[in-house]
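Read the structure below first, then the notes.
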Amino acid sequence: MKKFLTILLAAALSTAAHAQSDNTPYLTKTFSAAAVQNVLARTSGGSITINGVAGGDARIEVYIKGQNNKELSKAQIDERLAEDYTFDVSAANGKLTATATQKNRMFNWKNGLSISYKIYVPKNVSTNLSTSGGSIAMADLNGNHNFSTSGGSLNLNLLSGNIDGSTSGGSITVSNSKNQIKLQTSGGSIKAQNCSGNIALETSGGSLSLTDLNGTIEANTSGGSVNAQNITGELTTHTSGGSMGLQNISGSLNASTSGGNITASITKFGKYLTLDNSGGSINLKMPNQGLNLKLRADRIKINQLTNFNGTKDDDKVDGTINGGGVPVKVSTSGSITVNFG
């Protein structure tokens, strides 16, 4: 029994040491916060996390592992960095630089390193970030931000300024951010919440989830559904392969899908309403006010159509209600159901 307890204790200590090494940076550097207005970070195999902080020095922590998260000794890391990488962590002329690039693309990938950064800087800092093999997380920053990853997700919170980011292989989450937002992914979903300004979102392979957005919004997907609620301003959205659920829209709306149903609830009209569906039905709820209607479908059902002037058929409606006003154009190869309220 004593021998068994000794083995258990040794295993526990080994596990604790392993966990500690996981959380210990290979390198930590601090710089005067006043000397950092821009951040340039490049890595070929790890993640980048950058946070804006109030007060104190700027700081960067570098974490390095081998392929497949293999633990390496400091001596092994030193040797591989010297032989295979150009590695620099420095600050000069207002710029914090962290770069780790392979010297030779033909080097043995088994000796490759996963080099990740955790960076803490003043909030009013601009960034230029890229990684070919990990995620990017950013929070509490005001400035111009350009960032990309070829193999990970983007997680963004409390950003403002000119925000331009892309990923080729992951999802995007953006929240509590504003001003100019342009985000793109080729292989994941996009979730945007509580953002404002000029917002452009695009994915080639996932769904869109839009909540509490205010401004001019363009959101498109080639392979998923679109769900939006509590949108104020102007929303343009398209999907080639899914349904749409658009709830509590206050403003102008242009929505289209080639492969699903559309359900839309308009709380307050903007300048126009345009819905187009080539592969399903449309269910629309909207205020009863001055409108110019142009509806096309195989079958049209309108509840409580009052004060209407124009022509109404089973598959076509042209005319005005309440003397005319906001143009409403709705077309589908399926059915249209309209409820006023």
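All of the numbers you see were taken from the coordinates with simple rules; none came from a lab. Note that the coordinates shown come from a computational prediction; the quantities given were computed from them, not determined experimentally. Positions of Cβ are backbone-derived with ideal geometry, glycine not excepted, and every protein chain shown enters the neighbour counts.
Site pair Asn307 and Asp57 shows an inter-label distance of 7.0 nm when each label is modelled 7 Å from Cα along Cα→Cβ.
Sorted fewest first by neighbouring Cβ atoms within 10 angstrom, Glu79, Glu234 come out as Glu79, Glu234. Computed from point charges on the beta carbon alone (+1 for Lys and Arg, -1 for Asp and Glu), the dipole magnitude for the chain about its Cα centre is near 360 Debye.
Sorted ascending by nearby beta carbons within 10 Å, beginning with the fewest, Leu96, Leu293 become Leu293, Leu96.
Computed from Cα atoms, the angle from the helix 74-84 axis to the main principal axis of the chain rounds to 70 degrees.
Determine the shape class of the chain: with a ≥ b ≥ c the square roots of the Cα gyration tensor eigenvalues, call it rounded for a/c under 1.5, and otherwise prolate if a/b is greater than b/c, oblate otherwise. Because a/c hits 1.5 or more and a/b exceeds b/c, the chain counts as prolate. Given the pairs Lys191/Lys294; Lys29/Lys178; Lys123/Lys268; Lys268/Lys316; Lys103/Lys182; Lys70/Lys95, which are separated by over 29 angstrom at their Cα positions? With Cα atoms farther than 29 Å apart: Lys191/Lys294; Lys29/Lys178; Lys123/Lys268; Lys103/Lys182; Lys70/Lys95.
Comparing Gly66, Gly45, Gly223 in a Gaussian network model of the chain (Cα springs below 10 Å), the most mobile by mean-square fluctuation is Gly66. Comparing Ser265, Ser44, Ser32 in a Gaussian network model of the chain, where Cα atoms under 10 Å apart are tied by springs, the biggest mean-square fluctuation is seen for Ser32.
Separation of segment 257-310 and segment 29-84, taken as the distance between their Cα centroids, equals 54 angstrom. Compared with the dominant principal axis of the Cα atoms in the chain, helix 2-22 is inclined by about 70°.
Of all beta bridges DSSP finds with both residues in the chain, what is the antiparallel percent, to the nearest 5? Counting DSSP beta bridges with both partners in the chain, the antiparallel share is about 20 percent.
Here is the list for segment 53-127: chymotrypsin sites (Phe, Trp or Tyr not before Pro) lying in DSSP coil, each with at most 15 other C-beta atoms within 10 angstrom of its C-beta, are Phe107.
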